[in-house]
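The values are calculated or read from the model by the stated rules, or taken from the named source; none is laboratory data. All values derive from a computational prediction rather than experimental measurement. Reconstructed Cβ throughout: ideal geometry from the backbone, glycine too, with neighbour counts over all protein chains shown. Side chains included, ligands, DNA and RNA excluded: accessible areas come from the protein's heavy atoms. Shrake-Rupley method; radii C 1.70, N 1.55, O 1.52, S 1.80 Å.
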Amino acid sequence: MLPIKLTTLSTATLFAIALGLTACGGDDADPLPVITQAVATPLPAKLVIGHRGASALRPEHTLAAYTKAIEAGADVIEPDLVSTKDGVLVARHENEISGTTNVADKPEFAARKKTKKIDNVDYTGWFTEDFTLAELKTLRAKERIPANRPENTKYDGQFEIPTLQEVIDLAKAKTKETGRTIGIYPETKHPSYFKSISLPLEKRLVDMLHANGYKGKTAPVFIQSFEVANLKEIRTLTDLPIVQLLSAAGQPEDFRLAGDKRSYADIATAAGLKEVAKYANGVGPSKDMIIPRDANNNLGTPTSLVKDAHAANLVLHPYTFRPENPFLPANLRKGDVKSLSERGDLAAELTVFLQAGIDGFFTDDPSIGRAALDAYLGKK
């Protein structure tokens with residue numbers, strides 16, 4: 001366990017150290033070793049967040065991707081959460097799984113192919129809510145964007161769909177193994193939709209986090225969503241950290257359903273962020289909301305979002321920083337700039353955003369993210 005400077009700790013954490021408590025719960029909890037023997041290892045002030053794991057290096061939302069992210073230096077791993085038919089929370093980017101599993105190759109499930117309207121968009125495929133956990137466990141993950149990540153296709157067919165509990169177990173095990181706290185950053189996907197089919201996500205997520213010892217404002221967990229009403233509901237259930245996700249376009253689905261005309265752009269104003277601060281601890285904006293691209297597809301002039309969020313006492317964790325050329329500003333692409341899979345200078349992009357004042361970032365390659373953040377902080 002590495003010592004840290006007490007000046008980096010919150011008042012609540014210092015108080016916990018004095019009492020010899022953990023930051024995750026009471027005597028009956030199975031606490032993460034956030035505070036052990038009066039030596040604290042809280043999450044750092046600036047975070048490397050493994051986006052769906054190390055999804056540039058392994059198929060996303062698999063235990064292999066999460067493990068690779070931790071080994072590469074991620075402070076936090078991110079499971080997107082959807083529900084099975086029998087109410088188990090599992091890690092998938094979407095509840096439609098034909099793009100991330102081999103379900104289309106399973107003749108026993110052919111009849112379950114459907115077209116559904118999710119968040120006012122029609123999707124055709126196979127959906128987690130039509131499968132029990134036992135059935136989902138017979139499937140295997142595959143690379144979602146093989147044109148960008150052909151190396152990941154060699155892992156197709158090897159890994160299961162993990163449950164949230166399995167992700168938590170991995171984070172706890174790696175915390176004990178490495179001596180540094182590994183946080184989790186669960187996202188509730190399509191919460192209004194799941195509530196409409198009697199599979200609400202909110203209470204089950206909070207109950208599971210509490211049962212696993214994640215309790216209190218300093219626990220190493222962030223609950224995130226692109227919707228607003230479900231985060232406000234979650235706030236009534238827990239004091240765990242909450243992050244409001246922001247898209248560069250459109251509006252929250254629960255706003256659309258309620259006839260509320262406000263957009264994500266409205267939420268991202270100084271006034272909107274003050275409202276967010278009433279129920280959340282941070283915002284997770286699209287990175288283009290912080291530094292838009294200019295006419296040449298290079299990084300332009302930063303907006304006031306960082307300043308406005310910090311003025312509202314909100315942290316900022318933008319998404320998503322990816323290493324492949326198509327995802328980078330034009331002047332940071334390398335080699336064959338038209339290549340879908342060749343990698344550019346992600347570290348340079350991250351450095352510009354760190355200089356703009358962000359508090360952490362979602363990245364598909366935590367090894368590059370770790371190196372960029374350490375260099376920015378002056379670490380060897």
Of the residues Phe327, Phe353, only one is modelled with pLDDT of 95 or more, in contact with a strand residue (DSSP E or B) (Cβ under 7 Å, 6 or more places away or on another chain) and surrounded by fewer than 23 Cβ atoms within 10 Å (Cβ to Cβ); which?
Phe353
Filtered residue count, the range 209-232, keeping only those that are assigned to a helix (DSSP H, G or I), among the aliphatic types (A, V, I, L, M) and crowded, with 18+ Cβ neighbours inside 10 Å
3
Which pairs have Cβ atoms under 9 Å, sit 6 or more apart or on different chains, and link a residue in the range 97-114 that is farther than 13 Å from Leu136 by Cα and free of Cβ contacts under 8 Å to residues at least 24 places away in the same chain to one that is open to solvent by less than 30 Å² (accessible area, probe 1.4 Å) and assigned to a helix (DSSP H, G or I)?
Lys113/Val103; Lys114/Asp130
In this structure, is Gln244 outside any loop (DSSP other than H, G, I, E, B), open to solvent by less than 10 Å² (accessible area, probe 1.4 Å) and not basic (Lys, Arg)?
yes
Taking the options Lys172, Lys154, name whichever one is of a type outside the set (Asp, Glu), open to solvent by less than 20 Å² (accessible area, probe 1.4 Å) and either in contact with a Ser or Thr (Cβ under 9 Å, 6 or more places away or on another chain) or outside any loop (DSSP other than H, G, I, E, B) (or both).
Lys172
Any chance the range 130-143 includes a residue that's more than 28 Å from Arg343 (Cβ to Cβ), without any contact (Cβ under 8 Å) to a residue 24 or more places away in the chain and outside any helix (DSSP H, G or I)?
no
Restricting the range 356-380 to residues that are of a type in the set (D, E, K, R) and at pLDDT 95 or above, the one surrounded by the most Cβ atoms within 10 Å (Cβ to Cβ) turns out to be Asp364
Across the range 333-347, which residue is most open to solvent (accessible area, probe 1.4 Å) among those that are out of contact with any Lys or Arg (no Cβ under 8 Å at 6 or more places or on another chain) and in contact (Cβ under 8 Å) with a residue 24 or more places away in the chain?
Leu340
